[in-house]
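Since the structure comes first, as structure tokens, the remarks are kept for the end.
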Amino acid sequence: MKKLSTILIVSVIALFTGNLFAQGAYVNINAGYGFSMSSQNIDGFYNETSGSNSSTIEQVNVSLGKGLNFGGTFGFMFNDNVGAELGVSYLMGGKATAKDEYTGGTTDYTMSSNMLRFIPSVVIAAGTDGIDPYAKFGVIVGSGSIKYDYEDVDDGDIGIMKKKMNGGMALGLNAAIGANFEISDFMSFFAEINMVNMSYAPTKGEVTEATYNGVDMLPNLTTSDKEVEFVDSYTRNYENPPSDSQPSQELKTKYPFGSVGVNVGLRIDL
């Protein structure tokens, strides 16, 4: 009986140890590009061409989630088929542009973004050798900023203003399907199609540059002209307006950060 118990214990330990070594931790390094998805129209951001008797206005679709991204991931497979990951990704967003053309001048508008994103995910893999297909599902928590610039050229006079909006956190969903292609016992190449569904509402904004024909105009602006707080609601008191020494207030705007794209990289088993 004692011999049988010893054999059973040794067998369980061997089975557990074998499964443990079949599982394990890994790291990914990756880069990719996301294309616009879930774009929307931003108030005041459109193309307009004005003539002497008419104007043509064209809507511009914006998604600030498009652009280059790169990052890394730490993951752990609990068995051949199920695992978990924590990824970190930095988005270098592409630009969205709009133009206002009128008699004697033009105004060019540009929006762009950057965002640091943390991505916890569940991994479902086929668990096959050589080529291992997988799917990932998770959430995204991001901290980013949006740049909004305009340049007005009117009969040779040039006015430039640049704003930066940041603060607050973004929350969204992430999904991917792809495959690992084994290079060696501890290294694989992977490629995946990635989809992000997310929006971001900054909580504060600031004018970072204001010039007119090359002359710095920032010293002439009050705090309320240069700084803004984005809030869910506010009250206007016309008899007792806020001081110019305080930031102005505006309602929050949710900007689209959705994308669909391709990521490639290396997986290294630890």
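Summary of computed values
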quantity: Whichever residue in the stretch 226-251 is surrounded by 15 or more Cβ atoms within 10 Å (Cβ to Cβ) and not small (Gly, Ala, Ser) and, among such residues, is nearest to Asn194 (Cα to Cα); calculated: Phe230
quantity: Residue count, the stretch 125-162 (criterion: assigned to a strand (DSSP E or B), within 30 Å of Phe76 (Cβ to Cβ) and of a type outside the set (S, T, N, Q)); calculated: 14
quantity: Residue count for the stretch 221-247, restricted to those that are in a loop (DSSP other than H, G, I, E, B) and in contact with a Pro (Cβ under 7 Å, 6 or more places away or on another chain); calculated: 0
quantity: Cβ pairs under 6 Å, 6+ apart, first in the stretch 198-210 and over 24 Å from Gly34 (Cβ atoms), second of a type in the set (Asp, Glu) and assigned to a strand (DSSP E or B); calculated: Lys204/Glu229; Glu206/Glu227
quantity: Hey, Thr128 touching a residue at least 24 places away in the same chain (Cβ under 8 Å) and among the hydroxyl-bearing types (Ser, Thr, Tyr) or not; calculated: no
quantity: Residue within the stretch 241-254 that is more than 22 Å from Phe35 (Cα to Cα), without any contact (Cβ under 8 Å) to a residue 40 or more places away in the chain, among the charged types (D, E, K, R) and in contact with a helix residue (DSSP H, G or I) (Cβ under 6 Å, 6 or more places away or on another chain) present; calculated: yes
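Table: residues versus (1) surrounded by 15 or more Cβ atoms within 10 Å (Cβ to Cβ); (2) assigned to a loop (DSSP other than H, G, I, E, B); (3) under 18 Å from the mean Cα position of the chain (by Cα).
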position: Asn180; (1), (2), (3): yes, no, no
position: Ser184; (1), (2), (3): no, yes, no
position: Phe190; (1), (2), (3): yes, no, no
position: Ile193; (1), (2), (3): no, no, yes
position: Asn197; (1), (2), (3): yes, no, yes
position: Pro202; (1), (2), (3): yes, yes, yes
position: Ala210; (1), (2), (3): yes, no, no
position: Pro219; (1), (2), (3): no, no, no
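Each reported figure results from applying straightforward, stated rules to the coordinates on display, with no laboratory input. Only a predicted model underlies this, so the values are computations on that prediction, with no experimental measurement involved. FYI the Cβ positions are ideal-geometry reconstructions off the backbone, even for glycines, and counts take in every protein chain you see.
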